[in-house]
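Only one structure is covered here, and it is reproduced in the block below.
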Amino acid sequence: IIGAGWAGIGAARHIHDNNKKMKFRILEAKDYIGGRSRTVKMTDGTSVELGSHCVHGIVQNPIFTIVEDIGLSYVKDKETVNIYTTDPEFGGNGPDNAAGTVPYSQAKEMRNRYWSGRGQFRDYECKKRKKSANDDDFARESLRDVADRYLRKQKELTDSDRRFFELLFHTHVVADYASDPSDLSAKYWEYGNWTEGEDVYLTTYPDGGFSAAVDAYAAPIMSKIDLNSAVSSIDYDSSIISIQYKTNASSGDEEVVKELKARHVILTVPLGVLKSRAITFNPPLPTEKQNAINELGNGSLTKCILRWDDLDMFWPKDTEWLLKIANTTDEQNRWTEFFNPYGVNGGRPILVGFVAGSESARVEELADEEITDEVLASLRSMFGNVVPPPKEVIVSRWGRDEYSRGAYSYYKVGSSPRSRCELGKCLQQRLYFAGEATDVDNPQTVHGALASGQRCAYEIIHG
């Protein structure tokens, strides 16, 4: 099994639990397990989520089942939101050069008017998808194309209305799918058989979170995992597969090339790693498989996690999400969305800023100090002069991580569910592919990754 993220651990646990006689090893390039689910500690001991953010839809969700079986604590998403703006149409400025907040009634009215109300954007784009189900031209359109067409039909749309729409568009699309809307397939962007129910946040205080979940779930098979072992080639031309890998991949020590042989291989590396061709295959991957890799989009999402001292807290502690309406639509994806984990981290003053898509790629090229300056400028435009410099900053850079090369997959223009199915197909009954990008029902999610690994293990056990 190549990769000890949720897909790889899921495959290993399925084998361990259902076929005690089957021998297996897991090769993991990093020096920890969990992949893009990683809980890290700040210098004051507070734990924060560097990757996976929440459990999406807890009804019949295997990750939520694991969380409950392990006994980890969690908090249900309260969906509390404050929206900040300097636009006089939505409340104007507050004291100390702070932005005003949009009254709840006005925010609800604007949401219904341009987003979720009958005949508005969500209704408009859903009807467009159904009407154009067999339209090849529509398959080549992006969600941005559809949104722009909708906006042109709004004859009474003001500049303020447009900025509010872009806030909603960013919150529900860009941040969720880690992609620019101009890259998202209008036809398939939200395709899936998603788990239902509430979202929950894992409590990271004192030692919880996603890393605690994956560590506990992997405990029975930890002795089977080789860390710092980066696979460089897979030769599956004969019934016995040869895997070349480098040890000490993440440790900084001198690398040593080793070989492992197996009758079956489950490859669970992220889509970005497949796109980079960091692993060579013999024979080369079939055209259909490589086309699927090329067709799917590889999303990018960056977190900037900032910690202050207790007395420096300047935001409402009981509000989960702090959003900003940017002064121009082009700036809406630039540090305008912040999560407040106060309720899950033991009451520590921490904010988590998000950027996604091309903005994430731009940000990850900057130094931490430059990113911090951008984030503070945005926060001060929201809260005014009371925002002090943070005591500590951590920036996730999944796009620059050579063993991740991105956040999670999305339906790029030109891709389809067939792309995920093709990516997940086994080759020659011995080389299997897993990971969230191969899961049609719940792509982009932790439980989608877990299910894909379990699927591959089941296929190997039962032939």
**OP:** Could you grab the pairs with beta carbons closer than 9 Å, sequence gap of 6+ or different chains, first residue in region 367-383 and among the β-branched types (Val, Ile, Thr) and modelled with pLDDT of 95 or more, second one crowded, with 18+ Cβ neighbours inside 10 Å and assigned to a helix (DSSP H, G or I)?
**Re:** Ile371/Val363
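Can you spot a residue in region 150-164 that is under 27 Å from His53 (Cβ atoms) and either in contact with a Lys or Arg (Cβ under 6 Å, 6 or more places away or on another chain) or not in a loop (DSSP other than H, G, I, E, B) (or both)? Let's see the steps before the verdict.
Within region 150-164, the first condition is being under 27 Å from His53 (Cβ atoms), and the residues that meet it are 163-164.
Still in the running and either in contact with a Lys or Arg (Cβ under 6 Å, 6 or more places away or on another chain) or not in a loop (DSSP other than H, G, I, E, B) (or both): 163-164.
Checked region 150-164: at least one residue is under 27 Å from His53 (Cβ atoms) and either in contact with a Lys or Arg (Cβ under 6 Å, 6 or more places away or on another chain) or not in a loop (DSSP other than H, G, I, E, B) (or both).
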Original post:
Could you list, in sequence order, the residues of region 26-72 that are open to solvent by 60 Å² or more (accessible area, probe 1.4 Å), under 19 Å from Gly5 (Cα atoms) and not in a loop (DSSP other than H, G, I, E, B)?
Top reply: Thr65, Ile70
Subject >> Identity of the residue in region 393-403, touching a strand residue (DSSP E or B) at 6+ places or on another chain (Cβ under 6 Å) and under 20 Å from Asp176 (Cα atoms), that ends up least open to solvent (accessible area, probe 1.4 Å) >> reply: Ser396
Subject >> Positions within region 65-78 being farther than 23 Å from Gly299 by Cβ and touching a residue at least 12 places away in the same chain (Cβ under 8 Å), in sequence order >> reply: Ile66, Val67, Ile70, Leu72, Ser73, Tyr74, Val75, Lys76, Lys78
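Kindly indicate whether Asp96 is crowded, with 16+ Cβ neighbours inside 10 Å, among the charged types (D, E, K, R), modelled with pLDDT under 90 and more than 30 Å from Val214 (Cα to Cα). Show your work before the answer.
Details: crowded, with 16+ Cβ neighbours inside 10 Å: no; among the charged types (D, E, K, R): yes; modelled with pLDDT under 90: yes; more than 30 Å from Val214 (Cα to Cα): yes.
Answer is no for this residue.
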**OP:** For region 133-147, name all the residues that are within 18 Å of Asn112 (Cα to Cα) and either out of contact with any Asp or Glu (no Cβ under 8 Å at 6 or more places or on another chain) or in contact (Cβ under 8 Å) with a residue 40 or more places away in the chain (or both).
**Re:** none
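Just checking, does region 440-453 include any residue being under 21 Å from Thr287 (Cα atoms) and of a type in the set (D, E, K, R)?
The answer is no; no qualifying residue exists.
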**OP:** Only residues in region 328-354 that are more than 18 Å from Asp44 (Cβ to Cβ) and among the charged types (D, E, K, R) count as the first member; pair them with residues that are open to solvent by less than 10 Å² (accessible area, probe 1.4 Å) and part of a loop (DSSP other than H, G, I, E, B), Cβ under 8 angstrom, at least 6 apart or cross-chain, and list the lot.
**Re:** Arg334/Ala326
Subject >> Residues being among the hydrophobic types (A, V, I, L, M, F, W, C), open to solvent by less than 10 Å² (accessible area, probe 1.4 Å) and within 19 Å of the chain's Cα centre (by Cα) - total across region 208-222 >> reply: 3
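Output the residue which, of all residues in region 355-382 that are among the polar types (S, T, N, Q) and open to solvent by 10 Å² or more (accessible area, probe 1.4 Å), is nearest to Thr43 (Cα to Cα).
Just the residues of region 355-382 that are among the polar types (S, T, N, Q), to begin with: 358, 360, 372, 378, 381.
Still in the running and open to solvent by 10 Å² or more (accessible area, probe 1.4 Å): 358, 372, 381.
Values: Ser358: 30, Thr372: 17, Ser381: 28 Å.
The qualifying residue nearest to Thr43 (Cα to Cα) is Thr372.
This table checks each residue for (1) among the hydroxyl-bearing types (Ser, Thr, Tyr); (2) modelled with pLDDT of 95 or more.
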site: Thr204; (1), (2): yes, yes
site: Ile225; (1), (2): no, yes
site: Ala230; (1), (2): no, yes
site: Ser233; (1), (2): yes, yes
site: Thr247; (1), (2): yes, no
site: Leu271; (1), (2): no, yes
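Any idea which of Lys108, Lys23 is basic (Lys, Arg), free of Cβ contacts under 8 Å to residues at least 12 places away in the same chain, open to solvent by 40 Å² or more (accessible area, probe 1.4 Å) and part of a loop (DSSP other than H, G, I, E, B)? Quick ask: steps written out before the conclusion?
Details: Lys108 fails: part of a loop (DSSP other than H, G, I, E, B).
So the residue among Lys108, Lys23 that is basic (Lys, Arg), free of Cβ contacts under 8 Å to residues at least 12 places away in the same chain, open to solvent by 40 Å² or more (accessible area, probe 1.4 Å) and part of a loop (DSSP other than H, G, I, E, B) is Lys23.
Identify all residues within region 404-450 that are in a helix (DSSP H, G or I) and either of a type in the set (Phe, Trp, Tyr) or surrounded by 22 or more Cβ atoms within 10 Å (Cβ to Cβ) (or both); write none if there are none. Walk me through how you get there before you give the answer.
Quick first cut of region 404-450, residues in a helix (DSSP H, G or I) only: 417-423, 436-438, 446-450.
Within region 404-450, Ser419, Arg420, Leu423, Glu436, Ala437, Thr438, Val446, His447, Gly448, Ala449, Leu450 meet the criteria.
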Subject >> Some residue of region 162-183 being open to solvent by 70 Å² or more (accessible area, probe 1.4 Å) and within 26 Å of Asn294 (Cα to Cα) >> reply: yes
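The values are calculated or read from the model by the stated rules, or taken from the named source; none is laboratory data. Because the structure is a prediction, the values reported are computed rather than measured. Counting neighbours? That spans all protein chains shown, and the Cβs are built from the backbone with ideal geometry, glycine included. The area values use the complete protein model at the heavy-atom level, side chains included, leaving out ligands, DNA and RNA. Shrake-Rupley method; radii C 1.70, N 1.55, O 1.52, S 1.80 Å.
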